[in-house]
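Shown next, in structure tokens, is the structure this report addresses.
Nothing in this text is a laboratory measurement; each read-out follows from the coordinates by a stated rule. Because the structure is a prediction, the values reported are computed rather than measured. Cβ atoms come from the backbone with ideal geometry, glycine included; neighbour counts cover every protein chain shown.
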Amino acid sequence: MVTTGRTTNWFMRPAAREWVHCPTSTGARAFHQSLPGYEPTPLTSLPDLAEELGVRAVLVKDESSRLGLPAFKVLGASWAVAQIIAARTGSGTDLGSLRGATAGSGLRLVTATDGNHGRAVAYMARLLGVSATVFVPAVMTPAAFNAIAAEGADVVRTDLDYDAAVAAAAGFAGDHPDRELVQDTAWDGYEQVPAWIVEGYDTMLAEVDEQLGATPDLVAIPVGVGSLAQAVIAHYRRPGDHPALLSVEPDSAACVLESLLAGTSVSVRTRATVMAGLNCGTVSGTAWPHLRDGCDAAVAVTDDQALKAVSDLGRLGVSSGPSGAATLAGVRVALAQPERRRALRIGGDSTFVLLSTEGASR
Ligand SMILES: Cc1ncc(COP(=O)(O)O)c(C=O)c1O
């Protein structure tokens, strides 16, 4: 179902705070730590923003440089690719075993992307010496297109939106024995790979735990298909203290907000936005139950609000692109009204974590 006509940019469900989810442990973190160039990304305290928002601390998880790429997405793509190859060949998941298992195999990784995920899949293909085909929607900047091509992938420009580009990639991969679809969104019958991608994102949150040494009071998440949000909800709805979790989307592609308002997963028609990584019309099938049950609030922000956040973060020394800076725009909109602060249990002592999931484009 495609909906239109949303009349609010806000949704809240305080009962979501009580939802408990027991996570399973995976080898994703150890795998990431074994990759060339792995380092935890910074968690940067910005007192100016804390003062502006009337809270004790605002910490920005800065994903502008993650394993040599300018976004967090490689955490999911790398772990999923390792698991796919291990499942195909019975190999271990260390780089040497993965390279040995794929040498001369003709393996081709296939995906669709609005930018960062496709670049991460192309990067993994290059690292392992295999091929990649990346389908891109009609709306993509030349810089994002060229960055994927520069990793050596075959890039297929379509005249489609993101959802249809995903369908095109899935069709191309089909049942071909040498092609593996590495997609970061789930639908009926395609759940395992997105589940691995979600597992990979947990590395970012495990780092936050270590860097902060405490549970924050609010975590703001930039949302496209919701796989990152699924990882955040799974992580922070463990038994124990629970922060408020805020989903932030572009107002032109707010499929999670629209679905939460409708009480069921709905697709939305999307328009171009500067928040390219968040330009998705349908929530991932496996992310939806997590968002429905475990997400406290959802907000939609405009391009102007995201661009102001980009420039404010840049002035404060954090490189953040519009999809990452959307979280600052989101908390600004969310907390503008005192009753929302109260419902989210935010006060002067609160600590916020803003996930800034990409660097400013150069
Ligand atoms: C920079 C950035 N942030 C956030 C997201 C949202 O992740 P998800 O699509 O899993 O919701 C994306 C997705 O591509 C992204 O590129």
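Exactly one residue among 163, 184 is touching a His at 6+ places or on another chain (Cβ under 8 Å), crowded, with 18+ Cβ neighbours inside 10 Å and within 24 Å of residue 254 (Cβ to Cβ), and that residue is 184. Close Cβ contacts (under 8 Å, 6 or more residues apart or on different chains) running from residues in the range 207-230 that are surrounded by fewer than 24 Cβ atoms within 10 Å (Cβ to Cβ) to residues that are among the aromatic types (Phe, Trp, Tyr) comprise 215/236; 216/352; 217/352. One residue alone among 198, 225 is within 13 Å of the ligand (Cβ to nearest atom), closer than 19 Å to residue 249 by Cβ and out of contact with any helix residue (DSSP H, G or I) (no Cβ under 6 Å at 6 or more places or on another chain), and that residue is 225.
Looking only at the range 115-134, residues that are surrounded by 24 or more Cβ atoms within 10 Å (Cβ to Cβ), in contact with a Leu (Cβ under 8 Å, 6 or more places away or on another chain) and outside any helix (DSSP H, G or I) come to 1 in all.
For the range 201-222, a residue qualifies if it is among the small types (Gly, Ala, Ser) and within 13 Å of the ligand (Cβ to nearest atom), and exactly one does: 220. Residue count for the range 202-254 satisfying the condition of being over 21 Å from residue 330 (Cα atoms) and of a type in the set (Phe, Trp, Tyr): 0. Candidates in the range 167-181 are the residues that are exposed (fewer than 13 other Cβ atoms within 10 Å of the Cβ) and small (Gly, Ala, Ser); of these, the one that is farthest from the ligand (Cβ to nearest atom) is 174.
Listed residues 311, 319, 267, 323; which is away from the ligand (no atom under 11 Å from the Cβ) and touching a strand residue (DSSP E or B) at 6+ places or on another chain (Cβ under 7 Å)? Sole residue among the options that is away from the ligand (no atom under 11 Å from the Cβ) and touching a strand residue (DSSP E or B) at 6+ places or on another chain (Cβ under 7 Å): 267.
If you filter the range 328-362 down to residues that are among the basic types (Lys, Arg) and within 18 Å of residue 257 (Cα to Cα), you find that the one that is farthest from the ligand (Cβ to nearest atom) is 340.
Helices (runs of 4 or more DSSP H) fully within the range 275-362 that include at least 3 residues being among the basic types (Lys, Arg): 338-343. Listed conditions (1) surrounded by fewer than 19 Cβ atoms within 10 Å (Cβ to Cβ); (2) closer than 24 Å to residue 284 by Cα are all met by residue 110, apart from (1).
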